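This report concerns only the one structure given below.
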Amino acid sequence: MKKALVVFLVLVAFASAVTFAARRLPVHYAVRSRPIRLARLSRGEEAFIFIEEQRWGRASSVATDEVSKFLPRMLRHMATAPDLLSSHAIAFHLTEGKLEQFELPNMGAYAHFVISERTLCVVSSEYSNVAASGFRWTGSEFVAVSPNEAAELLSLVSGTAITPSDEDNNSEMVSPFQREKEILAGQGWDYKHFPTYGYKDKTIQFKLQDAEFTLAFHAPPKPAPGSQDFYSALMPAGSIALSGPGSDRPERVIYRAPEWEAVSQAQYLALESPSNREGRVLARHSSPLVLASLLIYLLPAFPFLRWLLMVLTLKRKILKNLPNTYGFPPARVEQFPKLDQAGLQKITQDFEALGFTKLMDFSMVPDSGQYIPAFSRLMAHPRHHCFVEIFQIFPAKKGPMPLTYNISSNLHHGWSFSSGVRKTMALSYMMRLPKCLWVYMPGVARSELLTGHLARRNQITNDLGISASTDMSIEAYQACVLQRHAERRAAIQKKNIFFGLGEALAFKLRPKHEWLGDYPKQAAQKREPWKYPARA
């Protein structure tokens, strides 16, 4: 074992030296675009054509280019994998005899089309990895709308993906684009779209008044097997053409996907959207693949190394899945077919009997990271000044989690206190905060949970010399949730991952029913200040 460890350390030292030297080699950059969806909306004398496009990039050095030639096929594909830099849309406004083009940057993939105030709007999808953004047609151009207005426009369509009429015997929902098409048709707009993947030609025919037009996607010839690299084969360089009356050519090419094009580092970074730039380290492309392939081959011989690599990347994965912020769009019970409606009604009635009133039904939607569907009902107690959130989570690859609830109070000076019946997870314990206190009371009746919450809250506020907030508005609750989320994200960024995993493991072995944070210490300081001299 000692000999194997020495050999391993020598190999790692050698690979690290090669990595250090290779990072000083010049890096060359290349970008390529590909269309992913073609959409057409027409009404009366005008039509809009939207081409959604993704920009992909590669950053590599002589070291990666040469070393990748000697790697197995799978590793070579991993080494040459491009990065998604940004997604945007190209819009065309077509009237009889006139075609105008407009750029709609950072729209993400599969945008929504909305009619608001009798004008056409395009807004980024709730499932894209960009912040809410959108554009409004003024009659002569597309102008960007504010993020708040974009979120309002998105709410007009985000709640239409699932309704009772959408359900059939084979599926719980139909495509949200089908519902969008029905909504647009009600406003007099004919809407059609299709993805522009693969090597198959596709067309859309439409009329403007009595004139007939054809919008066509021309796929390139399918290359012979092995003649292209793996990712170029997945991104065929097709073209999009428009034909119709009043043109001296059979077809007018309005878009042609370019091949890989060399660019400078400044151009490469300028093409990258802010959401895709976060967490990316371009220097990793210039690291030689010797170290990566070496570690892969050594993993079977050193099981502990696999664990170490998992631990070292865990913090990055946690932060990647933690969004920067959340939205709180309204939700309907009908949107969640697997929701425990009977349990929701019973719990709601029980809390109404205790004096709570319903504020809203909503679903927390992250601005980035992994989206897990969830339904929440928020209620407030006007006399006791506390909230209750009843919620159910629907993981994608698992069955729905049990319906549960949590009573919470916002306290002054940044403190909060909550009481729940759901068992705290080890990861949540690792992200605990010094002023965010909680207790776990499994199996107690709802009336006992409220009584226990109020009694413990009174003790905490009396000991700390603070009081509970009397603001029972939706905005106050959302502000507290967002503040706590930002604090947890900052805490994870500062936390030593090895220490955090140790805490999570200890919690899993011996679960705790409460977390009191800094409360005991600060309460003791207020009771006996002479024992805690002030720091200079």
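The values are calculated or read from the model by the stated rules, or taken from the named source; none is laboratory data. Just so it is clear, the structure is predicted and the values come from calculations on it, not from any experiment. So basically every Cβ, Gly included, is an ideal-geometry build from the backbone, and we count neighbours across all protein chains shown.
Suppose the filter is without any contact (Cβ under 8 Å) to a residue 60 or more places away in the chain and under 28 Å from the mean Cα position of the chain (by Cα); does residue 504 pass it?
no
Confirm whether residue 447 is hydroxyl-bearing (Ser, Thr, Tyr) and surrounded by fewer than 17 Cβ atoms within 10 Å (Cβ to Cβ).
Considered against the rule, which asks whether it is hydroxyl-bearing (Ser, Thr, Tyr) and surrounded by fewer than 17 Cβ atoms within 10 Å (Cβ to Cβ), residue 447 comes out as yes.
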So residue 97 fits all but one of (1) modelled with pLDDT of 65 or more; (2) surrounded by 12 or more Cβ atoms within 10 Å (Cβ to Cβ); what number is the exception?
(2)
Checked segment 335-385 for anything under 21 Å from residue 408 (Cα atoms) and small (Gly, Ala, Ser); matches are 343, 353, 355, 363, 374, 376, 380
Do you know which residues across segment 477-501 are assigned to a helix (DSSP H, G or I) and farther than 21 Å from residue 366 by Cβ?
494, 497, 498, 499, 500, 501
Could we say that residue 357 is modelled with pLDDT of 95 or more and surrounded by fewer than 17 Cβ atoms within 10 Å (Cβ to Cβ) here?
yes
Please give the number of the condition residue 395 fails out of (1) surrounded by 14 or more Cβ atoms within 10 Å (Cβ to Cβ); (2) in a loop (DSSP other than H, G, I, E, B); (3) free of Cβ contacts under 8 Å to residues at least 24 places away in the same chain.
(1)
Scan segment 347-354 and tell me whether some residue there is in contact with an Asp or Glu (Cβ under 7 Å, 6 or more places away or on another chain) and either of a type in the set (S, T, N, Q) or closer than 21 Å to residue 151 by Cα (or both).
no
Looking at segment 106-162 only, could you name the residues that are surrounded by 17 or more Cβ atoms within 10 Å (Cβ to Cβ), at pLDDT 75 or above and in a loop (DSSP other than H, G, I, E, B)?
106, 107, 110, 111, 124, 125, 133, 145
So, in segment 367-378, of the ones that are in contact with a helix residue (DSSP H, G or I) (Cβ under 9 Å, 6 or more places away or on another chain) and not in a loop (DSSP other than H, G, I, E, B), which residue ends up surrounded by the fewest Cβ atoms within 10 Å (Cβ to Cβ)?
378
Here are 413, 384: which of them is of a type outside the set (Lys, Arg), exposed (fewer than 15 other Cβ atoms within 10 Å of the Cβ), touching a residue at least 24 places away in the same chain (Cβ under 8 Å) and assigned to a loop (DSSP other than H, G, I, E, B)?
413
For segment 189-223, what are the residues that are out of contact with any Leu (no Cβ under 8 Å at 6 or more places or on another chain), touching a residue at least 60 places away in the same chain (Cβ under 8 Å) and aromatic (Phe, Trp, Tyr)?
197
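A quick yes/no check of all residues on (1) of a type outside the set (A, V, I, L, M); (2) out of contact with any helix residue (DSSP H, G or I) (no Cβ under 7 Å at 6 or more places or on another chain); (3) at negative phi:
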| residue | (1), (2), (3) |
| --- | --- |
| 359 | no, no, yes |
| 380 | no, yes, yes |
| 389 | yes, yes, yes |
| 394 | yes, yes, yes |
| 398 | yes, yes, yes |
| 412 | yes, yes, yes |
